[in-house]
Amino acid sequence: MTVIVRSFAKINLGLCIGARRDDGFHELLTIYQTIGLHDVIRVTIGRGSGIEIQCADPRVPRDESNTCYRIVEKAMASLKAKGRVTIEIEKRLPVQGGLGGASANAVAVLLGLERALKKSLPAQERLRMTAEVGSDLPLFLVGGTILGIGRGEQVYPLEDFPATPCVIVTPEVGISTPKAFAAWDGKLTLPQASDRMIELGRGLSAWLGDSYSGAPFRRGRRENPLLELVRAGIKNDFEQVVFPEYPELSEAKRALERAGAKYASLSGSGSTLYGLFASKDAASAAMTKLRKQGWAAQVTVTLPRREYWKRSFVR
Ligand code: C5P
């Protein structure tokens, strides 16, 4: 039996890097948002043993360094299951692009594997296991709009925002996340790091709470709360270390803003940038404009939690 799962990508709506911890990881505060762009994963269990990864993209590893491989090893042991697991990855998302492609693939494999075996792990066990494989796997067990803290692996579902049109620009640059974190080290002292975290936390709380307060002092119709991000002072710290090294990425951000994005940012450590738009038409027009300027641009939409789960399993 083959199970087919869509492995949706994420963007980061703001990402604050805090202190480097004793275990080498950095404290993070971020909001993850799942989007409609995705890879397709096929999981098949056959007779025999072992794990086989198939992917036409040569940049995707087939050995145990692939997050999919590591999650299968763990899940098969924990479920006490036997068989040969074949994983086929149809790669559409950029590799090392800051959209969490490899992490999303691994979670899709886990969900596909459980379905193929007709066995499932307790939810807490899934969260623990995925966090062991990588900091930005657990978010894909939640989907929608998610608060990420700790090293990014502690995830809390936030109330979903309405589906918002989004343009993704993918420059042909692969950025190593550990290297981007290393570049960040030394930029800040510890007290500064926690002060900034607290400040961003306040900005986020104010922004999220604002949806309920009614803000009667504001004139006119309320915008989509997702588009009010700018006012919450949200930004991605990685821009400070990645943009100087790859100036074309800050150019891409400016191009998105000039094309009418209400909010534009680097996603994760990059190299993908995204822009949020007020309407589908505005996003499509921006995509056309950006492509004419030579940028690899695609239109998609943010994926609220219900949509994320409704569309995850193809079969
Ligand atoms: O958890 P993950 O495997 O995605 O992390 C990859 C690398 O990125 C880590 O080994 C670490 O160097 C860096 N990292 C970090 N702080 C985080 C997440 C990742 O320093 N919060």
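Computed values, structure above
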quantity: Taking N as its residue count, the alpha carbon Rg of the stretch 85-134 over 2.2 N^0.38 Å; calculated: 1.23
quantity: Spin-label model distance (nm) - Gln124 vs Arg92, 7 Å beyond Cα toward Cβ; calculated: 3.7
quantity: Candidates per GluC sites (Glu not before Pro) in the stretch 17-105, loop by DSSP, up to 14 other Cβ within 10 Å; calculated: Glu64
quantity: Taking the C-alpha atoms of the stretch 39-102, convex hull volume expressed per residue in Å³; calculated: 84
quantity: Computed log₁₀ I(q)/I(0) - Debye formula, equal Cα scatterers, no solvent, the stretch 165-301, q 0.12, 0.19 Å⁻¹; calculated: -0.56, -1.13
quantity: Convex hull per residue volume in Å³, alpha carbons only, for the chain; calculated: 137
quantity: Formal net charge of residues neighbouring Thr86 (Cβ-Cβ distance under 15 Å; K, R +1; D, E -1); calculated: +1
quantity: Nearest 10 degrees, 0 to 90: helix 101-117 Cα axis against the chain principal axis; calculated: 40
quantity: Under 20 Å from the Cα of Lys80 - lysines, other chains or at least 8 residues apart; calculated: Lys118, Lys119
quantity: Long-range Cα-Cα pairs in the stretch 138-204 (distance over 20 Å), rounded percent; calculated: 55
quantity: Estimated vicinal HN-Hα couplings, Hz - the stretch 56-64 in sequence order (Karplus 6.51, -1.76, 1.60; Gly, Pro = x); calculated: 6, 7, x, 7, 8, x, 9, 9, 5
quantity: Helix-only CD estimate at 222 nm, as mean residue ellipticity for the chain, using -39500 (n - 2.57) per DSSP H run (n ≥ 4); calculated: -11500 deg cm²/dmol
quantity: P(r), alpha carbons of the stretch 1-160 - 5 Å bins starting at zero, rounded %; calculated: 2, 9, 19, 22, 20, 14, 9, 4, 1, 0
quantity: Convex hull of the stretch 1-66 built on C-alpha atoms - directionally averaged projected area, nm²; calculated: 7.2
quantity: Sequence-distant aspartates and glutamates (8 or more away, or on other chains) whose Cα lies within less than 16 Å of Lys289; calculated: Glu251, Glu257, Asp281
quantity: Candidates per trypsin sites (Lys or Arg not before Pro) in the stretch 84-180, loop by DSSP, up to 12 other Cβ within 10 Å; calculated: Lys118
quantity: Likely footprinting exposure, Ser279, Ser271, fewest C-beta neighbours within 10 Å first; calculated: Ser279, Ser271
quantity: FRET efficiency estimate (nearest 0.05) - Cβ-Cβ, Ala77 to Ser176, R0 35 angstrom; calculated: 0.75
quantity: For Leu117, net neighbour charge (Lys/Arg +1, Asp/Glu -1) across residues whose Cβ lies under 11 Å away; calculated: +4
quantity: Fraction of beta bridges assigned by DSSP in the chain that are antiparallel (%, nearest 5); calculated: 90
quantity: Neighbour net charge for Arg47 - beta-carbon separation under 10 angstrom, K R +1, D E -1; calculated: +2
quantity: Taking Ile198, Ile175 and counting other C-beta atoms within 10 Å, the order from fewest to most; calculated: Ile198, Ile175
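FYI, it's all coordinate maths here, none of it is from the lab. Since the model is a prediction, treat every value here as computed from it, not as a measurement. Glycine gets a Cβ as well: all are built from the backbone with ideal geometry, and neighbour counts include every protein chain shown.
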